Amino acid sequence: MSRKASFRAAPRSGILLCTALLLCASCAGSPGRNGSSRGSMRQGGPDTPRSGNPAAGAVYVTDTKTVSLLPPECMAGSLDTLQLLTGSYGTQHFALQAYTRADADGISMTLLNEMGITVATLSYTKDRTNFQSAYLPDSIREEYMLLDFQNAYYDADALRDHYAANGLRFERSREGGRDYRRIYDGRKLIEEIITEENTAAGTRLSVQNRLRSYRYELAELTEPAEAVTAEEAAE
(Lines give C-alpha, C1' and ligand atoms only; values in the text may rest on other atoms or scores of the structure.)
Protein backbone atom coordinates (compact mmCIF):
# COMPACT_ATOMS: atom_id res chain seq x y z
CA MET A 1 0.00 0.00 0.00
CA SER A 2 1.56 3.21 -1.15
CA ARG A 3 0.02 6.65 -1.41
CA LYS A 4 2.07 9.52 -2.76
CA ALA A 5 1.42 12.92 -1.24
CA SER A 6 0.00 15.39 -3.74
CA PHE A 7 -0.05 19.17 -3.33
CA ARG A 8 -1.79 21.76 -5.46
CA ALA A 9 -1.16 25.41 -4.50
CA ALA A 10 -0.69 24.40 -0.85
CA PRO A 11 3.02 24.48 0.10
CA ARG A 12 2.64 23.23 3.64
CA SER A 13 2.71 19.62 4.84
CA GLY A 14 -0.57 18.17 6.15
CA ILE A 15 -1.60 18.99 9.67
CA LEU A 16 -3.09 17.12 12.57
CA LEU A 17 -4.32 19.22 15.39
CA CYS A 18 -3.98 19.80 19.11
CA THR A 19 -6.75 17.37 20.00
CA ALA A 20 -4.82 14.57 18.36
CA LEU A 21 -2.15 15.29 20.92
CA LEU A 22 -4.63 15.02 23.74
CA LEU A 23 -5.79 11.77 22.21
CA CYS A 24 -2.33 10.23 22.37
CA ALA A 25 -1.55 11.64 25.81
CA SER A 26 -4.68 10.50 27.57
CA CYS A 27 -6.94 8.35 25.41
CA ALA A 28 -4.92 5.98 23.24
CA GLY A 29 -6.03 2.45 23.89
CA SER A 30 -8.94 3.58 26.06
CA PRO A 31 -12.41 3.31 24.49
CA GLY A 32 -14.93 6.08 25.03
CA ARG A 33 -17.54 6.04 27.72
CA ASN A 34 -19.68 3.40 25.95
CA GLY A 35 -16.96 1.90 23.78
CA SER A 36 -18.82 2.99 20.66
CA SER A 37 -18.42 5.59 17.94
CA ARG A 38 -19.48 9.13 18.65
CA GLY A 39 -20.88 11.24 15.86
CA SER A 40 -21.41 14.97 15.87
CA MET A 41 -23.53 16.55 13.15
CA ARG A 42 -23.93 20.32 13.22
CA GLN A 43 -26.17 21.83 10.58
CA GLY A 44 -25.04 25.28 9.48
CA GLY A 45 -22.79 25.90 12.48
CA PRO A 46 -19.45 26.38 10.68
CA ASP A 47 -20.97 28.65 7.99
CA THR A 48 -20.24 31.91 9.77
CA PRO A 49 -19.12 35.39 8.73
CA ARG A 50 -15.45 36.33 9.05
CA SER A 51 -16.19 38.42 12.09
CA GLY A 52 -17.07 35.15 13.81
CA ASN A 53 -20.02 33.85 15.79
CA PRO A 54 -18.98 32.40 19.18
CA ALA A 55 -22.39 30.72 19.51
CA ALA A 56 -21.56 28.50 16.49
CA GLY A 57 -18.60 26.30 17.39
CA ALA A 58 -16.76 28.81 19.56
CA VAL A 59 -13.12 27.91 20.26
CA TYR A 60 -11.14 29.40 23.14
CA VAL A 61 -7.88 30.75 21.74
CA THR A 62 -7.05 32.13 25.18
CA ASP A 63 -8.83 31.59 28.50
CA THR A 64 -11.17 34.50 27.76
CA LYS A 65 -11.20 35.10 23.97
CA THR A 66 -12.92 32.91 21.41
CA VAL A 67 -13.20 32.66 17.65
CA SER A 68 -15.59 30.66 15.50
CA LEU A 69 -14.52 28.55 12.55
CA LEU A 70 -14.25 29.93 9.05
CA PRO A 71 -15.71 27.86 6.17
CA PRO A 72 -13.40 25.66 4.04
CA GLU A 73 -13.68 28.11 1.13
CA CYS A 74 -11.12 30.24 3.01
CA MET A 75 -8.48 27.56 2.49
CA ALA A 76 -5.47 28.57 0.38
CA GLY A 77 -5.24 25.83 -2.26
CA SER A 78 -5.87 22.12 -1.72
CA LEU A 79 -4.26 19.17 0.05
CA ASP A 80 -4.07 15.39 -0.35
CA THR A 81 -1.38 13.84 1.85
CA LEU A 82 -0.31 11.19 4.32
CA GLN A 83 1.81 12.43 7.23
CA LEU A 84 3.55 11.32 10.41
CA LEU A 85 2.99 13.37 13.55
CA THR A 86 5.28 13.29 16.58
CA GLY A 87 4.82 15.60 19.52
CA SER A 88 4.29 16.23 23.19
CA TYR A 89 1.60 17.46 25.54
CA GLY A 90 3.07 18.35 28.91
CA THR A 91 5.35 15.42 29.75
CA GLN A 92 3.62 12.95 27.41
CA HIS A 93 5.12 12.01 24.02
CA PHE A 94 3.41 10.27 21.12
CA ALA A 95 3.22 9.55 17.40
CA LEU A 96 0.33 9.21 14.93
CA GLN A 97 -0.26 8.94 11.23
CA ALA A 98 -2.96 10.89 9.42
CA TYR A 99 -4.40 11.01 5.95
CA THR A 100 -5.79 14.46 5.10
CA ARG A 101 -7.71 15.72 2.08
CA ALA A 102 -8.90 19.31 1.94
CA ASP A 103 -10.01 21.98 -0.50
CA ALA A 104 -12.55 24.80 -0.71
CA ASP A 105 -15.41 22.28 -0.54
CA GLY A 106 -14.41 20.56 2.69
CA ILE A 107 -11.87 18.87 4.95
CA SER A 108 -11.53 15.13 5.62
CA MET A 109 -9.10 13.52 8.10
CA THR A 110 -8.40 9.97 9.22
CA LEU A 111 -6.17 9.51 12.29
CA LEU A 112 -4.26 6.23 12.72
CA ASN A 113 -2.31 4.82 15.65
CA GLU A 114 1.08 3.09 15.34
CA MET A 115 -0.66 -0.21 14.54
CA GLY A 116 -2.53 1.33 11.61
CA ILE A 117 -5.87 1.22 13.42
CA THR A 118 -8.25 4.10 12.76
CA VAL A 119 -8.54 6.21 15.90
CA ALA A 120 -10.85 8.93 14.60
CA THR A 121 -12.33 10.41 11.44
CA LEU A 122 -13.37 14.00 10.87
CA SER A 123 -15.10 15.73 7.98
CA TYR A 124 -16.02 19.39 7.74
CA THR A 125 -17.94 21.44 5.18
CA LYS A 126 -19.63 24.82 5.35
CA ASP A 127 -22.86 23.03 6.31
CA ARG A 128 -21.86 20.37 8.79
CA THR A 129 -19.20 18.68 10.91
CA ASN A 130 -19.03 14.90 11.30
CA PHE A 131 -16.64 13.50 13.91
CA GLN A 132 -16.42 9.77 14.71
CA SER A 133 -14.24 8.07 17.33
CA ALA A 134 -14.46 5.12 19.69
CA TYR A 135 -11.43 6.37 21.65
CA LEU A 136 -11.97 10.06 22.35
CA PRO A 137 -13.96 11.16 25.39
CA ASP A 138 -17.03 13.31 24.92
CA SER A 139 -15.15 16.31 26.33
CA ILE A 140 -12.91 16.45 23.24
CA ARG A 141 -14.31 18.91 20.70
CA GLU A 142 -13.54 18.73 17.00
CA GLU A 143 -13.59 22.54 16.76
CA TYR A 144 -10.16 22.63 18.39
CA MET A 145 -8.77 20.22 15.82
CA LEU A 146 -10.15 22.35 13.01
CA LEU A 147 -8.82 25.59 14.51
CA ASP A 148 -5.21 24.41 14.24
CA PHE A 149 -5.91 23.29 10.70
CA GLN A 150 -7.23 26.69 9.67
CA ASN A 151 -4.32 28.45 11.36
CA ALA A 152 -1.91 26.52 9.14
CA TYR A 153 -3.81 26.30 5.87
CA TYR A 154 -6.34 29.08 5.47
CA ASP A 155 -5.75 32.26 3.52
CA ALA A 156 -3.62 34.61 5.61
CA ASP A 157 -5.74 37.69 4.87
CA ALA A 158 -8.93 35.86 5.92
CA LEU A 159 -7.26 34.79 9.17
CA ARG A 160 -5.88 38.25 9.84
CA ASP A 161 -9.35 39.83 9.52
CA HIS A 162 -10.99 37.03 11.49
CA TYR A 163 -8.66 37.26 14.49
CA ALA A 164 -8.67 41.07 14.47
CA ALA A 165 -12.47 41.05 14.71
CA ASN A 166 -12.12 38.97 17.88
CA GLY A 167 -9.50 41.07 19.64
CA LEU A 168 -6.51 38.94 18.59
CA ARG A 169 -3.70 39.35 16.06
CA PHE A 170 -2.57 37.01 13.28
CA GLU A 171 0.76 37.57 11.52
CA ARG A 172 2.48 35.77 8.66
CA SER A 173 6.09 36.28 7.53
CA ARG A 174 8.91 34.54 5.68
CA GLU A 175 12.37 34.45 7.20
CA GLY A 176 15.38 32.48 5.95
CA GLY A 177 13.36 30.07 3.82
CA ARG A 178 10.81 29.45 6.56
CA ASP A 179 7.15 30.42 6.63
CA TYR A 180 5.93 31.71 10.03
CA ARG A 181 2.33 32.06 11.22
CA ARG A 182 1.79 33.53 14.66
CA ILE A 183 -1.23 34.36 16.81
CA TYR A 184 -0.98 37.03 19.52
CA ASP A 185 -3.15 38.33 22.32
CA GLY A 186 -1.72 41.82 22.66
CA ARG A 187 2.03 41.28 22.86
CA LYS A 188 1.70 37.70 24.15
CA LEU A 189 2.50 34.98 21.62
CA ILE A 190 -0.16 32.26 21.82
CA GLU A 191 0.72 29.95 18.93
CA GLU A 192 3.46 29.69 16.32
CA ILE A 193 3.43 27.54 13.17
CA ILE A 194 6.67 27.16 11.20
CA THR A 195 6.92 25.51 7.77
CA GLU A 196 10.25 24.46 6.29
CA GLU A 197 10.17 23.43 2.65
CA ASN A 198 12.66 21.33 0.69
CA THR A 199 14.26 19.73 3.74
CA ALA A 200 15.99 16.35 3.39
CA ALA A 201 12.76 14.71 4.53
CA GLY A 202 10.52 16.97 2.44
CA THR A 203 8.26 19.66 3.83
CA ARG A 204 8.25 19.80 7.64
CA LEU A 205 5.77 21.69 9.75
CA SER A 206 5.98 22.43 13.48
CA VAL A 207 3.30 23.82 15.79
CA GLN A 208 3.83 25.18 19.29
CA ASN A 209 1.03 26.48 21.47
CA ARG A 210 2.70 28.33 24.31
CA LEU A 211 -0.49 28.88 26.27
CA ARG A 212 -1.65 25.23 26.25
CA SER A 213 1.88 23.77 26.45
CA TYR A 214 1.65 21.43 23.47
CA ARG A 215 3.84 21.09 20.42
CA TYR A 216 4.12 18.73 17.47
CA GLU A 217 5.88 18.22 14.17
CA LEU A 218 4.59 16.76 10.92
CA ALA A 219 6.51 15.16 8.08
CA GLU A 220 4.94 14.09 4.80
CA LEU A 221 5.06 10.40 3.90
CA THR A 222 4.86 8.57 0.58
CA GLU A 223 3.72 5.35 2.30
CA PRO A 224 2.60 4.25 5.79
CA ALA A 225 5.43 4.63 8.27
CA GLU A 226 6.80 1.82 10.39
CA ALA A 227 5.41 1.73 13.91
CA VAL A 228 6.81 4.50 16.13
CA THR A 229 6.38 4.18 19.87
CA ALA A 230 5.83 7.05 22.29
CA GLU A 231 9.31 6.41 23.69
CA GLU A 232 10.87 6.72 20.23
CA ALA A 233 8.92 9.90 19.58
CA ALA A 234 10.40 11.42 22.73
CA GLU A 235 13.97 10.88 21.54
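Data table
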| read-out | value |
| --- | --- |
| Subset of the stretch 112-162 [under 12 Å from the mean Cα position of the chain (by Cα) and not charged (D, E, K, R)] | Leu122, Tyr144, Met145, Leu146, Leu147, Phe149, Gln150, Asn151, Ala152, Tyr153, Tyr154 |
| Any hit, the stretch 101-108, residues being of a type in the set (Val, Ile, Thr) and either more than 15 Å from Leu147 (Cα to Cα) or modelled with pLDDT under 50 (or both) | no |
| Pairs, first in contact (Cβ under 8 Å) with a residue 40 or more places away in the chain in the stretch 147-173, second of a type in the set (Ser, Thr, Tyr) and open to solvent by 40 Å² or more (accessible area, probe 1.4 Å), C-beta under 6 Å, six or more apart | Ala165/Ser51 |
| In the stretch 144-155, the residues that are assigned to a helix (DSSP H, G or I) and open to solvent by 10 Å² or more (accessible area, probe 1.4 Å) | Tyr144, Leu147 |
| Single condition Asp80 does not satisfy, out of (1) out of contact with any helix residue (DSSP H, G or I) (no Cβ under 6 Å at 6 or more places or on another chain); (2) at pLDDT below 90 | (2) |
| Pair list, Cβ under 6 Å, 6 or more apart: the stretch 201-213 residue within 16 Å of Tyr153 (Cβ to Cβ), other residue open to solvent by less than 20 Å² (accessible area, probe 1.4 Å) and hydroxyl-bearing (Ser, Thr, Tyr) | Thr203/Ser13; Leu205/Ser13; Leu205/Thr195; Val207/Tyr216 |
| Any pair with Cβ under 7 angstrom, 6 or more apart, that starts in the stretch 63-77 at a residue that is closer than 14 Å to Phe149 by Cα and ends at one that is among the basic types (Lys, Arg) and open to solvent by 10 Å² or more (accessible area, probe 1.4 Å) | Leu70/Arg50; Pro71/Lys126; Pro72/Lys126; Glu73/Lys126; Gly77/Arg8 |
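The values are calculated or read from the model by the stated rules, or taken from the named source; none is laboratory data. As the structure is a prediction and not an experimental result, all values here were calculated from the model. So basically every Cβ, Gly included, is an ideal-geometry build from the backbone, and we count neighbours across all protein chains shown. Surface accessibility is based on the protein's heavy atoms, side chains included, excluding ligands, DNA and RNA. Shrake-Rupley method; radii C 1.70, N 1.55, O 1.52, S 1.80 Å.
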